[in-house]
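Presented below is the structure to which this report refers.
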Amino acid sequence: MLEWLPGSILLSLFQGSIYVVVSLGLTLTLAVVKLPNFAHAEFLTIGGYVGVVVSAVYPDNLLVIGAAAFLVCSAIGLAIHHIAFKPLMDRKVSIYILVLASFAVAQFIRYSVFSWASVVGLLSATQNIKVYSLVTLYNTELTNVYALAIVLAILMSVLLELFLKMTRMGKSMRAIASNFDLARVSGINVSRVVDVMWIIAAGLGGIGGMVFGIYTTVTPALGFSTLLDIFAVVIIAGLTSFTGTIIGGYIVGFSQTTVMEFLNYYFGVSLGYQPLLPFALIIVILLLKPTGLAPSSTGLSTIRKFARRNSSGPREGEPPKE
Amino acid sequence: MFFGLGGVVGATVAADLLPLFSGAAVGNICDISSRLSRESIALAYPAISVSVWVIALAFAMLAGGIMGLVASYPALRVKEEWFLSMILLVGGETFRIVVTNTPEIGCGFNGLDGITTPFYWLSNYLPSGPLQAEVPTGLYAAVIVLLAIGCFVFAQKICNSPYGRLLKSVRDDKVAAEALAKDVSRVRKQIMVIGSIMAGLAGALYVYYIGVATPEDYIPALTFGIWVMMILGGYANNRGLLLGAFVITMLDRGSLVSGIALESYFPTLNSNLIVYGRYMVEAVILLLLLVFRRKGLLPETRVKTKAYTLFDFGKKNAKPSSQPAEVPPKGDATTG
């Protein structure tokens, strides 16, 4: 009677791992440059398409495809930082303007991908990577994609943690996250660290999208359809906590798959309502505990910083609240 | 979101009421046959089709208002500014998913069609030819323009009143407004309800104009276009919004027309590119505006209440500048 359960748990783990990889990048953006980047999900689309293009040339060569996805997305991340966000940040605009700008960037990237895909004829494409079963347990196949995603999530979390704790660059990044001005005064080359941050954040999004693209069909709307899920993850995490992101990723993954199938199996709720569960999580957490579920000092301090930034002094160009 | 809601509610009400009023059997409103019967009823009974239109508009406005009230509960309680846009984005997507997956509301994914303009019956009295189809649509477009002017005048009246000053103060300095014993959350709730009623009305008008209501029409790119209109003309400025709406609609229609023209010259051109290109141009316009001209094309004007025109501040001042020296706009707003 519970024969759907092992497969569903495995799928949840897979989706959760993808969310973890992608959201780590968004958490990094939020922590270091305090930007709720609504264009982050577009890296997922780009990663997926890089996977499609590169896997046509090098089929099944995961290392090459992953590296390509990372590099292309990093380049695009750097470009949008320097073209769109940096001019705005230099003018010290409010966070609302930055959100609008990130929507504009997202729309531009999305429809650029749409145009390109429509010309090339890849509006819905698949990657040329063979999916095979590694182990079969309880009638559930553990395929190489699932294993890849789960291993990748663990690997990326550990690497990012080591990078932030051990290297000089990572330490400067944390310094900028906790106090931008103090970090600059103490001699950290802020713009270089922010560049590295964009490379890592966008690259993580690209790799996540590449792995996700093996599992599903790649469409230009792939990123947008997961945008709110990724934001659900970082909101559960309290915006800037990396541990929280890992927990939040799996919470969202499980709520989307296992909880949804449970509801479908016992209460007959249509599977089409699947995206509503992360939405409900977003609203409940924003209302009840906007600092997120993860108890983290960095998260709290950033929230306070947000509050200070929003209340300190008049800024030009503050749009009305609606 | 409210726009879409108005559209779907208006269409559903219209589809339910048309057969009911004319005494025909109410079947499944999603069928093809019901679509045909809707069209024939609209053609045969002028009084019914106009009254159903009015009722549908009223229901759409009511639904918009109620949803605005419901959405204002979470939206006005969040801590950060950008959480608000997050909540509204979530609300819009929730609406789209619920409508797509619930056949009981607006026929689900396929949408509801056969919604003719309220003046469709006029084509009975017109000679056949190109005019037969154009006159009812043109008349309806004129009605929409009238309603839009009405909404604009209403918005201007709100803004240039003591209440408009209150709104400005709530926006500019919440704490100061609270210190002056203004109920900030109540004001914000009121304005959200007013805004969503207008959006509901617009949605119903739009559905009557294009004749179908599908949830897939209400993509985030639509909301995005409205943002660009707002920022382009200058937010907090009704005249600016008119300018912005004009420019973006011109871009929209212009891209359609130029797309057709381009296709005749380059038959190999992919017609999707025009639509995508339009969205990309909108995004670029918004980015450029945000970086270089955050106040929009038209600047925000001062609040012109009755008292203001009575004392005639602006005209007595010899300087023709738009900002007279004695009352800076900010102090003007907060001292109410």
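Worth a mention:
- Residue match in the range A:110-127 (condition: closer than 12 Å to A:Phe38 by Cα and of a type outside the set (S, T, N, Q)): yes
- Residue tally, condition away from every other protein chain (no Cβ under 14 Å), within 14 Å of the chain's Cα centre (by Cα) and touching a residue at least 40 places away in the same chain (Cβ under 8 Å), over the range B:222-257: 1
- From A:Ser12, A:Ser74, A:Ser8, residue being under 30 Å from A:Val119 (Cβ atoms) and not aliphatic (A, V, I, L, M): A:Ser74
- Subset of the range A:142-162 [in contact with a strand residue (DSSP E or B) (Cβ under 6 Å, 6 or more places away or on another chain) and in contact (Cβ under 8 Å) with a residue 60 or more places away in the chain]: A:Leu142
- Helices (runs of 4 or more DSSP H) contained in the range A:33-110 and holding at least 2 residues within 20 Å of the chain's Cα centre (by Cα) and either crowded, with 19+ Cβ neighbours inside 10 Å or in contact (Cβ under 8 Å) with a residue 60 or more places away in the chain (or both): A:40-57, A:62-80
- Yes/no for A:Ile200 being farther than 12 Å from A:Val32 by Cβ and not hydroxyl-bearing (Ser, Thr, Tyr): no
- Breaking point among (1) farther than 19 Å from A:Ala153 by Cβ; (2) within 14 Å of another protein chain (Cβ to nearest Cβ), for A:Ala41: (1)
- Looking only at the range B:136-161, residues that are under 17 Å from B:Leu241 (Cα atoms) and not aliphatic (A, V, I, L, M) come to 8 in all.
- Elements of type helices (runs of 4 or more DSSP H) contained in the range A:189-272, each with 1 or more residues being buried (at least 24 other Cβ atoms within 10 Å of the Cβ): A:190-215, A:222-236, A:242-254
- Filtered residues of the range A:78-109 (kept if at the interface with another protein chain (Cβ under 9 Å from one of its Cβ atoms) and polar (S, T, N, Q)): A:Ser94, A:Gln107
One line per residue, one yes/no per condition, for (1) over 20 Å from B:Gln156 (Cβ atoms); (2) modelled with pLDDT of 75 or more; (3) part of a helix (DSSP H, G or I):
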position: B:Gly195; (1), (2), (3): no, yes, yes
position: B:Gly200; (1), (2), (3): yes, yes, yes
position: B:Gly203; (1), (2), (3): yes, yes, yes
position: B:Thr223; (1), (2), (3): yes, no, yes
position: B:Val228; (1), (2), (3): yes, yes, yes
position: B:Ile231; (1), (2), (3): no, yes, yes
position: B:Ala236; (1), (2), (3): no, no, no
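- Screening A:Val135, A:Val105, A:Val158 for residues that are under 21 Å from A:Val20 (Cβ atoms) and not basic (Lys, Arg) leaves exactly one candidate, A:Val158.
- Take the conditions (1) in contact with a strand residue (DSSP E or B) (Cβ under 6 Å, 6 or more places away or on another chain); (2) within 14 Å of another protein chain (Cβ to nearest Cβ); A:Ser112 misses just one of them, which is (1).
- Number of positions in the range B:84-93 that are within 7 Å of chain A (Cβ to nearest Cβ) and surrounded by fewer than 19 Cβ atoms within 10 Å (Cβ to Cβ): 0
- Qualifying position, being more than 8 Å from chain B (Cβ to nearest Cβ) and at pLDDT 90 or above, among A:Ala75, A:Ala117: A:Ala75
The values are calculated or read from the model by the stated rules, or taken from the named source; none is laboratory data. Only a predicted model underlies this, so the values are computations on that prediction, with no experimental measurement involved. Virtual Cβ from ideal backbone geometry, glycine too; neighbours counted across all protein chains shown.
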